[in-house]
Structure formats: structure tokens, C-alpha cells
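To start, the structure itself, in C-alpha cells.
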Amino acid sequence: MSKLRFELAVPELGAWRAGNTGTEGVWHFDAETPGRHVLVTALVHGNELCGAWALRGLLETGVRPRQGSLTLAFCNLVAFDRFDAAAFDTSRFVDEDLNRQWAPGRIANPSTQERRRAAELLPFVQRADWMLDLHSMHEQGAALLLTGPHDRNLDLARRLRAPEHVVVDAGHRDGTRMRDFGHFGQPDAQAGDKRSVLVECGFHGDAASRVVAQDLCARFLVESGALDAATAATVLPGWRQRDAPRQWVLRVTGGVVARSQGFRFLDTYRGLELIAKAGTPIGDNDGETVSTPYDDCVLVMPSVRQARAGVTVVRFARREPMRQ
């Protein structure tokens, strides 16, 4: 496992961590004009700093929704308080991954820090019509937008016009993500206008991850109707970057779940590698050879930094051009 340098500074949240809702870290603003309830979340994992920088920037600029409402949430502040750039993996969570706790049974069982925090965040997630969840990655790699399996979110990805790679997936075996919870996980025919996407902005410690987070915030707030394009350009100067020259859809067909922390890859993979031949060995899962299941298989987010029994260490996907 390579040694990665952490270059992104830790954001000082100061008074911004208090919130204005009675729930620490959560800010909410209402417009006079009706519209969507828009939610932007960061720090679901305590070592993913880019989203915290973006939310702090939105708060500092005094952004307010032109219609509907806007909620900004710093999610796992207790994990964030443990952050150490020299050991950044250790502050991902306190007891268990907050982004796997989004099931009624888990939220109702306050046995861990993350489940208690999910219960605090629950009303804001349930109220949201559109959600953008800001994350970053264990390893260096290009930004990814995760839409889940529903066409309505893939349509949103197309309208956002960034980043280049869009992952269509059904989540993880070890628990439900926030962006798949409740009405966000319903089929298109039942969900109406509910939309949610998760952006992986690059490696946790890459300074460019902050740029990606700000770019996606600006795009999402305009597309959701919370801001108009002219206002976004004025109050968030420099946030929006160039559109992706093209977008690729990566349809996840399955993944590899580690049997233990001993899982290892047979080569160095950074993600988005296209493996030409089916049956190409790529890893060893406690003595079982892991091979690609089909020709032209794309590896999505390969990493052993959090490897342990039950954790997905890589996913397999088929690549296709985004339909315009």
C-alpha cells in the first residue's frame, strides 16, 4: 500500500460547526418563494475534508436559496475532531461507517456514535427533495459521481455536465448509504422529483478535491433551483470549472468483498483501469484468486486501506458513453 501525502489543509470550522437548527453542524435557510428542499452534506466521513471546505465557503459567502430551502450539514464532527493528517484513515469514523447506517433498524438502535448521529440527521434527510453528498477517496484518482441505479439521477448527472465519470451502482453489502435512504431509494415511478447524487472528489488529501467539491456545489445549487446561474457566478466566483469534455457511464455489475484485512491486489491499481480480457487475475482474497468477470472490465475505486471482512475493496463495471 503506497504512502500518500496529505496536502489539503484542515478547515477551521469555528462558529460554523454550531448550526442554526438545534442540531450541531446543521444549517437551514428558507426562501419566501416555494421550491425544492435542497440538502448538501459533508464530513459523512471525518477524513473527507473537501466537502467541509465547500460548506464553509457557502456559509461564509452568505448563500441563501432563491426558492424552497437549503440545508447544509457537517455530518460526522466527532470523527472529524480526531483527524490527523499523519494517520488519516483512522478518522473515517468513530465506531462504524456512518454511510452504512441508513436503515430504520440501525437508526433506531443507538448503540454507536454513528447510529446516534444518523438519528440526529434523519429529519433533514427525510425532508430533502434533492441531495448532494460530498465525499473523497482512499486513493488518488479521478472524480466520480455516484447516482445509484435510478434513471432520474443519471439524468441529473447528465445535466450537471461534470465530472467525466458517472457510476451507476446499487450500493454496498454492508449497509445502506444516505443517498439511497428512504424516498431516495425508491423506483423512478414512485419517487417523483426526489434526486440524490454522491460525488467522490478525488483523494482525501489532494488540494484539487476542494476545487471539485466547490464545482459540484455550484452546479448542483443551480440545477436544483436553489440559485440561478447569474447569482451563483457572482457569489461563488471561480467555483464552477469547465464542463467535462465528455461523460462516461460506468455500470457496476458486482464487486469484491474482502474476507479479511489480508486481501491484496496483484498489481497497482488506481481506479478506472480498463482490463481487456475476462479472467485476468487482479487480486488474492485469502487464497482465492479474484479475476475480471468479462472483457473490457473497468475497476472502480480499488483500495485495501479499509479492508476487513465484509468491506468492498473493488467494484467491476461496464463502460458506455453518456447519452445526450
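The values are calculated or read from the model by the stated rules, or taken from the named source; none is laboratory data. Owing to the predicted nature of the structure, the values given are computational and were not obtained by experimental measurement. Because the Cβ atoms are built from the backbone with ideal geometry, glycine has one as well, and the counts that use them run over all protein chains shown. Only protein heavy atoms, including side chains, enter the accessible area calculation; ligands, DNA and RNA are left aside. Shrake-Rupley method; radii C 1.70, N 1.55, O 1.52, S 1.80 Å.
Which far-off residues, 5 or more places away or on another chain, put their amide H under 5 Å from the one on residue 146, with H placed in the peptide plane?
167, 198, 199, 200
List the pair-distance distribution P(r) of segment 185-295, using every Cα-Cα distance, as the percent of pairs falling in each 10 Å bin from 0 up to the bin containing the longest distance, rounded to whole percents.
10, 27, 28, 23, 11, 1
Using the Karplus equation 6.51 cos²θ - 1.76 cosθ + 1.60 (θ = phi - 60°), what ³J(HN,Hα) coupling, rounded to whole Hz, does each residue of segment 113-118 give in order, writing x for Gly and Pro?
Using θ = phi - 60°, the values come out as 4, 5, 5, 5, 5, 4 Hz.
Regarding segment 28-82, what's the average projected area of the Cα-atom convex hull, expressed in nm²?
3.7 nm²
Tally up the carbon and sulfur contribution to the accessible surface of the chain as a whole percent, 1.4 Å probe, everything protein left in place.
47 percent
Quick check: net charge around residue 191, other residues with Cβ under 11 Å of its Cβ, Lys/Arg +1 and Asp/Glu -1?
Residues near residue 191 contribute -1 overall.
In deg cm²/dmol, rounded to 500, what helix-only [θ] at 222 nm does the chain give when every DSSP H run of at least 4 residues adds -39500 (n - 2.57) and the total is split over its residues?
So the helix-based figure for the chain works out to -6500 deg cm²/dmol.
Nearest 20 debye, what's the magnitude of the dipole of segment 1-100 about its Cα centre given +1 on Lys and Arg Cβ and -1 on Asp and Glu Cβ?
260 debye
Please tell me the relative contact order of the chain in percent, rounded to the nearest whole number, where contacts are Cα pairs under 8 Å and at least six residues apart.
Contact order relative to length: 17 percent.
Output needed for the chain: three equivalent-ellipsoid semi-axes, defined as square roots of 5 times the C-alpha gyration tensor eigenvalues, in descending order, whole Å.
Those come to 30, 22, 19 Å.
Given the chain, what percent of its DSSP beta bridges are antiparallel, to the nearest 5?
55 percent
How much of the DSSP beta bridge set in segment 122-213 is antiparallel, as a percent to the nearest 5?
30 percent
Just the number please: accessible area per residue for the chain, 1.4 Å probe, all protein chains included, in Å².
Here the per-residue accessible area is 42 Å².
For all pairs of alpha-carbon atoms in segment 130-218, what percent lies in each bin of width 5 Å, listed from the first bin to the last filled one?
Per 5 Å bin, starting at 0, the Cα pair percentages come out as 3, 15, 26, 24, 18, 10, 3, 1.
Taking H placed 1.01 Å from N in the peptide plane, check which residues at least 5 places from residue 291 or on another chain put their amide H under 5 Å from its amide H.
Amide H neighbours of residue 291: 282.
For segment 1-121, state what percent of all Cα-Cα pairs lands in each successive 5 Å bin, counting from 0 Å until the bin that includes the largest distance.
2, 11, 19, 20, 19, 13, 9, 4, 1, 0, 0
At most 11 other C-beta atoms within 10 Å and a DSSP loop state: those are the exposed GluC sites (Glu not before Pro) I care about. Give me the longest piece of the chain that has none.
Answer from the scan: 33-324.
Calculated FRET efficiency, residue 15 and residue 267, Cβ-Cβ r, R0 51 Å, to nearest 0.05?
E between residue 15 and residue 267, to the nearest 0.05, is 0.60.
Pop out the ³J(HN,Hα) list for segment 253-260 in order, Karplus 6.51 cos²θ - 1.76 cosθ + 1.60 with θ = phi - 60°, rounded to Hz; leave Gly and Pro as x.
10, x, x, 10, 9, 5, 7, 6
Which loop chymotrypsin sites (Phe, Trp or Tyr not before Pro) in segment 251-324, with loop taken from DSSP, have no more than 16 other Cβ atoms within 10 angstrom of their Cβ?
294
Output wanted: per-residue J couplings in Hz (rounded whole) for segment 278-295, from phi through Karplus 6.51 cos²θ - 1.76 cosθ + 1.60, θ = phi - 60°, x for Gly and Pro.
4, x, 6, x, 10, x, 10, 10, 6, x, 9, 6, 9, 10, 5, x, 7, 5
Where Rh is the Kirkwood radius over the Cα pairs of segment 261-320, the temperature 20 °C and the viscosity 1.002 mPa s, what D in µm²/s does Stokes-Einstein return?
Taking Rh from Cα pairs, D becomes 184 µm²/s.
Using +1 on the beta carbon of Lys and Arg, -1 on that of Asp and Glu, and nothing else charged, what's the dipole of the chain about the Cα centre, debye to 20?
Value, rounded to 20: 280 debye.
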